Amino acid sequence: MLSIQDIHTYYGDSYILQGVSLELQPGQVVALLGRNGVGKTTLARSIMGLTPASRGRILFGDQDITRASAHRIARLGIGYVPQGRQVFRSLNIREHLQVTARGNGQWTPDKILDLFPNLRSRIKSLAGKLSGGEQQMLAAARALVGNPALLLMDEPTEGLAPMMIRELGKTIASLKEGGASILLIEQQLNFALRYADIVFIMNKGRIVHRCTPAELLADPDTKARYLGV
Amino acid sequence: MMFWVLQSLNGISYGMLLFLLASGLSLIYGLMKILNLTHGSFYLLGGYVGLAVLHLTKSFILAVLLGSLAIALLGVVMERFLLRRLHLQEMPQTLLTFGLLFIFSDLAMLIWGGNPQTVPKPELFRHSLDIGGMVYPSYRLFIIGFGLFVAAVLWWVQEGTRIGAMVRAGVDNEEIARALGINVSLLFTLVFAFGAFLAALGGVMGGPIVGVYPGADFEVLLLGFVVVIIGGLGSLRGALVGGLIVGLLDNFGKVLFPEFALFTIFAPMALILAVRPTGLFGKE
């Protein structure tokens, strides 16, 4: 469903992605792990067309999206949950769901609010006034309401309290049960391994390891070398 | 007493024209981060085109509509074919709009000549009203009402519609708005065209009060910038309040201290900047 083929991406003068390849099949949850600064977020931005790759190819379904514009990529069916949440501060929750709602899939604003009851109770609150956890829920909700075929989540647990992380985990588990495809970029190893079918590990702009969660758990060397745990 | 009332009405009606100009200026800056110096041209060209339509059709409504629409179209062309190439490059964009301001100014001179022209008032508002024993032109009162109407419509579009929410999303975080499927490029074109439309609207509607003349483009542009500096860039409320303040200051300055007319505008502006660098309603 998503096929990243040897992409190279520059950020200004910095050579960030130095040949990244990654495959994601429909219905899979793929975890992308790695330390800070190895290029995970740049990979997400390259997929979304915000920092396009200068070499290589990204296919989504049978469409080449390597150099497509960001809004077209989103409309093709990738729901982006950016790092740091980046909610629209001057929009309230209802407006968030309004501006990104798209398609005739299962996710209507109403269904989304069933999934995130916290958001329903604060529907008229400006996003800038929400707590970090609520903003993260909102970032996920506004991506889902576009009825994406693939959800791209960039460090959704970052800066969240343990209780909110559990909430988020439940949401991801229920999405996975519903057959969703998710590319989950994470620093929190245990969180990612709980939901992933396949794990990719990134280091210095390259994919250095591919395995199943069980294999990674049984491999202290790899964990120590690339993840520092 | 009557002097103050009538002069205030004069200031407020001129302030409404400035609001029409400044709201577009502010909206365009808020979304696109462009300081559009061509906005003065939009105002002047709107006035000239409106006048031409009026001569041709004898209809004030058509003059307002076609004049504004023509300039909105000019805005579309300018955004699509020129500004788009310089996306987020602040200096080149500002220089481009500055250059176009001069080009349009010369073109207007070439086509319509150097003599000030007056726009006849629409039939409906040619009479004067009796206010406490003094006569006052009804057209100026109409301008005040119209300005408030436009402000209400703009507020509703911005706060109450999906496209308004999309524009605000683009203002808050353009990149993420794109990555969530909002066609921000299209919003850019629409907002720029709409801003041009509002400026031209000010040019045509202001014609019967201030006339259409070479140099009006620079004059209103300067005042428009004072309005958004006082009110705060990117704020609709700021454009309205700022427009009224500048309209009143300009009017009373000219009436009471004609030799210091510009001072009465810029001194308060400097004062507000010193206390609130982002303007009365500016963010951050």
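Per-structure values
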quantity	calculated
Residue in segment A:133-150 that is away from chain B (no Cβ under 14 Å), out of contact with any Pro (no Cβ under 6 Å at 6 or more places or on another chain), at pLDDT 95 or above and surrounded by 14 or more Cβ atoms within 10 Å (Cβ to Cβ) present	no
Filter result for A:Lys129 (within 14 Å of chain B (Cβ to nearest Cβ) and more than 12 Å from the chain's Cα centre (by Cα))	yes
Selected residue (only one of A:Arg102, A:Arg45, A:Arg89, A:Arg72 is farther than 30 Å from A:Gly228 by Cβ and modelled with pLDDT of 95 or more)	A:Arg72
Those residues of segment A:88-122 which are at the interface with chain B (Cβ under 8 Å from one of its Cβ atoms) and of a type in the set (A, V, I, L, M), in sequence order	A:Leu91, A:Val99
Those residues of segment B:36-59 which are in contact with a Phe, Trp or Tyr (Cβ under 6 Å, 6 or more places away or on another chain) and either outside any helix (DSSP H, G or I) or modelled with pLDDT under 95 (or both), in sequence order	B:Leu37
Filter result for A:Pro82 (at pLDDT 95 or above and not acidic (Asp, Glu))	yes
Helices (runs of 4 or more DSSP H) lying entirely in segment B:123-200 (those with 3 or more residues that are among the hydrophobic types (A, V, I, L, M, F, W, C), touching a residue at least 24 places away in the same chain (Cβ under 8 Å) and more than 14 Å from chain A (Cβ to nearest Cβ))	B:138-160
Residue check for B:Thr97: exposed (fewer than 14 other Cβ atoms within 10 Å of the Cβ) and out of contact with any Lys or Arg (no Cβ under 7 Å at 6 or more places or on another chain)	no
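The values are calculated or read from the model by the stated rules, or taken from the named source; none is laboratory data. Note that this is a predicted model, so its numbers are computed, not measured. So basically every Cβ, Gly included, is an ideal-geometry build from the backbone, and we count neighbours across all protein chains shown.
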